[in-house]
Each structure stands twice: as C-alpha cells, then as structure tokens.
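> Here it is, the structure in full.
Nothing in this text is a laboratory measurement; each read-out follows from the coordinates by a stated rule. Quick caveat, the model's predicted, so the values are computed rather than measured. All Cβ positions, even for glycine, are placed from backbone atoms using ideal geometry, and neighbour counts span all protein chains on display.
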Amino acid sequence: MTSKQYFDDVAQQWDQMRQTFFSEAVREKAYAVAGVQAGQTAADIGAGTGFITEGLLRRGLRVVAVDQSAAMLAEMQRKFASFAGIDYRIGEAESLSLPAGAADYVFANMYLHHVASPPAAVREMARLLKPGGKLVITDLDEHNFEFLRTEQHDRWLGFRRADVRRWFTAAGLKNVAVDCTDENCCAQSSCGCQSASVSIFVASGER
Ligand SMILES: C[S@@+](CC[C@H](N)C(=O)[O-])C[C@H]1O[C@@H](n2cnc3c(N)ncnc32)[C@H](O)[C@@H]1O
C-alpha cells in the first residue's frame, strides 16, 4: 500500500484518530512561533483534513491547503463548506505546484516524517515563502517505535533536531530555531503490546 492509499483509506476516520495522537496545543504553538496575523496568506502542506487550516481560518488568514490525498482534502472541504478563503490543491512533496514567493507562512504538521526526502520537501516549502515569510514545521523527535512505520505508514522514525536545522539552513532560511512544543504524540500498536509517546518539536525559519 502506498502512503497516498493509506491516507485515502483513513480520511473519514482521521479526525478521530488525530485526537488520540496529539492535541490542539500543537497547532497553538505553531501559530505562536509564526506570529500569525489576520489578512495574510498561509500554505498548509500535508494539510490532511485541515487541523492546521482550521485555526488559521478562525484567525482570519487565507489558506492554500495542499495534500497528496484527494480523500483527505474532500473530507476537509466537507467540514469547511461554510468557510470562504480556502484553496484546495492536490500536490506532491517535491513539486507542490504552487507559485514561488506567494505565502506569508508555510505550515506542515506531522507531514515531514511521511515524505521520501525531508531535505527536498523543506526546500520546496521554503520556495513558497515571500521574503520575510516563515516556515513552521511541527513533527516528531527521533524515536524507535517501528510499529508506526508498519501500521501508520510513517516513513521516518522522527528526526534529529540538528538535521532539521541543517535542512532549514540549506534551504536558505535564516533565524532558524528548533524547540520543544512541550507536547507528545501518543499511539498504541494494534496488538496493544506497545505504546509510543514521542516528543514533538517546532522548527521555524524565515526567508
Ligand atoms: C499524519 S497526516 C497529518 C495531516 C494534518 N497535517 C494533521 O495534522 O492532521 C499526513 C498528511 O500528509 C500527507 N502526505 C504524506 N506524504 C505526502 C507527500 N509526499 N506529498 C503530499 N502530501 C503528503 C498525507 O496524505 C496526510 O494527509
């Protein structure tokens, strides 16, 4: 099964699954690090069913929501039917098919550990930023819970913060920082015999 097939399959249950994995405090931390302001434009990459997008809309931003999975985006569209200001796009990590330099902010929550090449994905997200725009990524610290790879289609078992910092810098971003969110991502294996609790970092950089 490909990652796209996996997320197409779980699209209708994703919101319930997500609530068991991590809380809204993660996105609050991402918005605070970015310093989001009403009236600006954000891209939500690996947007899924709109966890990050939702809070941005409530804060008065316009959002371009990008994902590989049409089913995840369809679920978001159903939920946010009454909201204006969202542009839904099918896109792949290394070629997001969005114009360069158009976004004030780019967010990606729990996306990077699913892509084939994290440095290339960071570079592509950085490309979307206006000068002075901010990239904010929330994702997992390095861990060794293999069942997340086999059962939830994770491609990378989290990341070393030094690597993430290096990828941001190589993508031409400045004021790069990688900090704790003080939140964890929690999951149980299907046999019930393993429980993961993995800390979540917030990485940020400015174009
Ligand atoms: C774990 S979900 C997170 C969804 C959402 N950001 C959230 O926090 O609830 C990962 C999302 O990234 C998308 N994704 C994974 N690999 C991708 C790729 N190579 N290109 C575009 N989207 C991808 C998946 O389809 C899925 O919707």
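> I need the full set of residues from segment 100-113 which are aliphatic (A, V, I, L, M) and within 8 Å of the ligand (Cβ to nearest atom), in order please.
Residues satisfying the conditions are A108, M110.
> Oh, and also: Go over the candidates G172, G192, G133, G205 one by one and state the one that is surrounded by fewer than 20 Cβ atoms within 10 Å (Cβ to Cβ) and in contact with a Lys or Arg (Cβ under 8 Å, 6 or more places away or on another chain).
G172
Here's the yes/no breakdown for (1) of a type in the set (A, V, I, L, M, F, W, C); (2) under 22 Å from F7 (Cα atoms); (3) part of a strand (DSSP E or B):
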position: N144; (1), (2), (3): no, no, no
position: T150; (1), (2), (3): no, yes, no
position: L157; (1), (2), (3): yes, yes, no
position: W167; (1), (2), (3): yes, no, no
position: N175; (1), (2), (3): no, no, yes
position: D179; (1), (2), (3): no, no, yes
position: S199; (1), (2), (3): no, no, yes
position: G205; (1), (2), (3): no, no, yes
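> Of everything in segment 17-63 that's of a type in the set (V, I, T) and in a helix (DSSP H, G or I), which residue is nearest to the ligand (Cβ to nearest atom)?
Checking each candidate, the answer is I52.
> Still on this model: Can A116 be described as within 9 Å of the ligand (Cβ to nearest atom), under 24 Å from C185 (Cα atoms) and either under 16 Å from the mean Cα position of the chain (by Cα) or among the hydrophobic types (A, V, I, L, M, F, W, C) (or both)?
Taking the combined requirement at face value, the residue satisfies it.
> So D104 passes all but one of these: (1) among the charged types (D, E, K, R); (2) touching a Lys or Arg at 6+ places or on another chain (Cβ under 8 Å); (3) exposed (fewer than 15 other Cβ atoms within 10 Å of the Cβ). Which condition number does it fail?
Result: D104 passes all but (3).
> Could you please give the count of residues in segment 64-99 that are charged (D, E, K, R) and within 9 Å of the ligand (Cβ to nearest atom)?
3
> Do we have any residue at all in segment 68-77 that's assigned to a strand (DSSP E or B) and more than 16 Å from the chain's Cα centre (by Cα)? So that I can check it myself, show each step before the final result.
Here is the first cut: in segment 68-77, the residues assigned to a strand (DSSP E or B) are none.
No, segment 68-77 has no match at all.
> Look through T2, T41 and report the one residue that is among the polar types (S, T, N, Q), surrounded by 15 or more Cβ atoms within 10 Å (Cβ to Cβ) and within 21 Å of L96 (Cα to Cα). Let's see the steps before the verdict.
Values: T2 fails: surrounded by 15 or more Cβ atoms within 10 Å (Cβ to Cβ).
Exactly one residue qualifies, and that residue is T41.
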